[in-house]
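Peer 1: Handing you a structure now.
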Amino acid sequence: MSIELWYWPDIPGRGEFVRLFMEGAEIEYEDMAREQDADALVEHMHALDGIRPFAPPYIVDGDLCIGQTAHILAYLSDKYGLGSGELETDLQLIQLQLDISDLISEVHSVHHPIASSLYYADQMDAAFERAQEFRANRIPKFLIHFDNAMAVHGGPYSLGQQWTHVDTSLFQVMEGLDYMFPNYMKKMQGTWANLEGLQAALPEIDGVADYLASERRMEFNEDGIFRHYEELDEQ
Ligand SMILES: N[C@@H](CCC(=O)N[C@@H](CS)C(=O)NCC(=O)O)C(=O)O
């Protein structure tokens, strides 16, 4: 039975972290709201019984419904035997995935520092200040942390020659930051060489290569999480 992925149809957003992992691992899935539309997603989410996901992405696998990006990836990794097979290492990989969730939340707060419900245009001044702080302190702190983690098993992937859910997510983070802050990321090139090595290596995985070349791979856009606003980048 294929996995149902439920996520907003017009942005890569957090759904892309789940999609990229499933594509890389060649897991059969249906992208439900892309096949239908956003209304179908809202309707489906509200019709769920019991403890419902707070927000998309979520997956349905038979009787199971699972929300939270990091949690979904940990579940899929376990189900398809794509972890290390060793508890301590698998927990560390999930820990990194949760660190990535924290970073993604901060990425969103760069262009929406006051409220998600307001337009970017209504909070541009605060966004400008937030972006400066984010580039100066938060990106280096997170990326150096991930870069160090990538060195532990020798690279290019988080388990050396074996890739995991952490690699597809860090690839998406690097692609997203390149899109969001092209000047800054160019200036910092070489600072997180292990992550750059991963970014180059991941597209060599068959499932990832097929996916990136397909129409299923969505471009970043200014409705998603990684947005490019020139004024927020390094000048
Ligand atoms: N921590 C959750 C966050 C989920 C989330 O914020 N989803 C966004 C789309 S990327 C959403 O639809 N949020 C609606 C809301 O927060 O009201 C995760 O990592 O999956």
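The values are calculated or read from the model by the stated rules, or taken from the named source; none is laboratory data. Just so it is clear, the model here is predicted, and its values are computed rather than measured. Backbone-built Cβ (ideal geometry, glycine too); neighbour counts: all protein chains shown. Heavy atoms of the whole protein, side chains included, go into the accessibility calculation; ligands, DNA and RNA do not. Shrake-Rupley method; radii C 1.70, N 1.55, O 1.52, S 1.80 Å.
Peer 1: Quick one: is Arg217 under 22 Å from Leu76 (Cα atoms) and either open to solvent by 10 Å² or more (accessible area, probe 1.4 Å) or part of a loop (DSSP other than H, G, I, E, B) (or both)?
Peer 2: It is true that Arg217 is under 22 Å from Leu76 (Cα atoms) and either open to solvent by 10 Å² or more (accessible area, probe 1.4 Å) or part of a loop (DSSP other than H, G, I, E, B) (or both).
Peer 1: If I filter the range 9-19 for residues that are modelled with pLDDT of 95 or more and open to solvent by 40 Å² or more (accessible area, probe 1.4 Å), do I get at least one hit?
Peer 2: The answer is yes, given that some residue of the range 9-19 is modelled with pLDDT of 95 or more and open to solvent by 40 Å² or more (accessible area, probe 1.4 Å).
Peer 1: Could I ask something else about it? All but one of (1) within 16 Å of the ligand (Cβ to nearest atom); (2) open to solvent by 50 Å² or more (accessible area, probe 1.4 Å) hold for Asp63, so report the exception by its number.
Peer 2: (1)
Table: residues versus (1) assigned by TED's automatic domain parsing to the domain that holds Trp163; (2) open to solvent by 50 Å² or more (accessible area, probe 1.4 Å); (3) within 16 Å of the ligand (Cβ to nearest atom).
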| site | (1), (2), (3) |
| --- | --- |
| Met22 | no, no, yes |
| Tyr29 | no, no, no |
| Gln36 | no, yes, no |
| Met45 | no, no, yes |
| Pro53 | no, no, yes |
| Ala70 | no, no, yes |
| Leu73 | no, no, yes |
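Peer 1: Can you tell me which residues in the range 161-215 are among the β-branched types (Val, Ile, Thr) and in contact with a Gly (Cβ under 6 Å, 6 or more places away or on another chain)?
Peer 2: Correct list: Thr168, Ile205, Val208.
Peer 1: Within the set of pairs 6 or more residues apart or between chains, which connect a residue that is under 22 Å from His111 (Cβ atoms) inside the range 134-148 to a residue that is open to solvent by 20 Å² or more (accessible area, probe 1.4 Å) with Cβ atoms less than 6 Å apart?
Peer 2: Sorted first by the residue in the range 134-148, then by its partner, the pairs are Arg138/Glu106.
Peer 1: Separate question: Under 7 Å between Cβ atoms, at least 6 apart or on separate chains: pull out the pairs that start in the range 61-72 with a residue that is over 17 Å from Gln172 (Cα atoms) and end on any residue that is of a type in the set (Ser, Thr, Tyr) and within 16 Å of the ligand (Cβ to nearest atom).
Peer 2: Close Cβ pairs satisfying both conditions: Cys65/Tyr58; Ile66/Tyr58; Ile66/Tyr75; Gly67/Tyr58.
Peer 1: Please specify each residue of the range 149-196 satisfying the condition of being open to solvent by 30 Å² or more (accessible area, probe 1.4 Å) and part of a helix (DSSP H, G or I).
Peer 2: Ala151, Glu175, Asp178, Tyr179, Pro182, Asn183, Lys186, Lys187, Ala193, Asn194, Glu196
Peer 1: Scanning the range 201-214 for residues that are among the aliphatic types (A, V, I, L, M) and in a loop (DSSP other than H, G, I, E, B), which turns out most open to solvent (accessible area, probe 1.4 Å)?
Peer 2: Among those residues, the one meeting the criterion is Ala213.
Peer 1: To continue, here is another question. Give the range 87-126 a look and list any residue that's buried (at least 16 other Cβ atoms within 10 Å of the Cβ), more than 18 Å from the chain's Cα centre (by Cα) and among the charged types (D, E, K, R), or say none.
Peer 2: Once the filter is applied, which keeps residues that are buried (at least 16 other Cβ atoms within 10 Å of the Cβ), more than 18 Å from the chain's Cα centre (by Cα) and among the charged types (D, E, K, R), the range 87-126 yields only Asp90.
Peer 1: Now for a separate question. What's the number of the condition Glu222 fails, among (1) assigned to a helix (DSSP H, G or I); (2) of a type outside the set (S, T, N, Q); (3) under 28 Å from Ala127 (Cα atoms)?
Peer 2: Status for Glu222: all satisfied but (1).
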